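The values are calculated or read from the model by the stated rules, or taken from the named source; none is laboratory data. Just so we're clear, the structure is a prediction, and the values are computed from it rather than from any experiment. Because the Cβ atoms are built from the backbone with ideal geometry, glycine has one as well, and the counts that use them run over all protein chains shown. We work out accessible area using only protein heavy atoms, side chains counted, and drop any ligands, DNA or RNA first. Shrake-Rupley method; radii C 1.70, N 1.55, O 1.52, S 1.80 Å.
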Amino acid sequence: MNGADGLRLVCLTAEDAAAAAALEASCLAEAWSLSAWESALADPNACYAGAWAGEKLVGCCGLWQSFEEADICNVAVDAGFRRQGIGRRLLLFLMEEGRKRGVRDYTLEVRSSNEAAIGLYRELGFLEEGRRPCFYDHPREDALILWKRQEAHEIVSGSV
């Protein structure tokens, strides 16, 4: 899907593993290896969305589906492209892909200090339902467990 700004949102394929690994490594201290990305993109229970600006992958996120639930993971946006709504558009795109696959409820973990991400997730209807103490390393930090349950919250509509 192409946006008015030229950003192209697509489902990633195995050919995108190197770009996804490089993007995540530039954004996160605990990034996946190239082989982990290759495995994830080949898994039929996973779906990864990517945002491309020309030939450059500038954002990605994924979901791992288990029946009607999905765990959202690997949310990353290139530092030079943040605060432009790319993360929001990617998540909406990803949740729509999940809906097509039968997903009703979404969960994710987020660093308790990541106020920007927490704000975005709340805007999209996610609610805090728990905490994982010392979940993250580099630095050591708790994770908030957020859920977006269809029975309680309809998918936020918006332009993707």
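Which net charge results for the neighbourhood of residue 117, defined as the other residues with beta-carbon distances under 11 angstrom from its beta-carbon, given Lys and Arg at +1 and Asp and Glu at -1?
+1
Which residue, chosen from 13, 103, 117, occupies the Cα position most advanced towards the positive end of the dipole of the chain, where the dipole is computed from +1 (Lys, Arg) and -1 (Asp, Glu) charges on Cβ about the Cα centre?
Farthest towards the positive end: 117.
How charged is the neighbourhood of residue 19? Take every other residue with its Cβ under 14 Å from the Cβ of residue 19, and add Lys/Arg as +1 and Asp/Glu as -1.
Taking every Cβ under 14 Å from that of residue 19, the sum is -4.
Among rounded, prolate and oblate, which fits the range 1-53 when a ≥ b ≥ c are the square roots of the eigenvalues of its C-alpha gyration tensor, a/c under 1.5 means rounded, and a/b larger than b/c means prolate?
Cα axes put the range 1-53 in the oblate bin.
Over the residues of the range 13-160, compute the C-alpha Rg and express it relative to 2.2 N^0.38 Å.
Taking the Cα Rg and dividing by 2.2 N^0.38 Å, one obtains 0.99.
Per the 1.4 Å probe, what fraction of the accessible area of the chain, in percent, lies on carbon and sulfur atoms?
So the carbon and sulfur contribution to the accessible surface is 50 percent.
Of the GluC sites (Glu not before Pro) in the range 1-43, which ones lie in a loop per DSSP and count no more than 14 other C-beta atoms within 10 Å? Don't skip to the end; give the middle numbers.
Working: sites: 15, 24, 30, 38; in loops: 30.
Loop-located and lightly packed - 30.
Counting only other residues whose beta carbon sits under 14 Å from that of residue 101, what net charge do I get with K and R as +1, D and E as -1? Could the numbers behind the result be given before it?
On the way: positive: 99, 100, 104; negative: 43, 68, 69, 71, 96, 97, 105.
Taking every Cβ under 14 Å from that of residue 101, the sum is -4.
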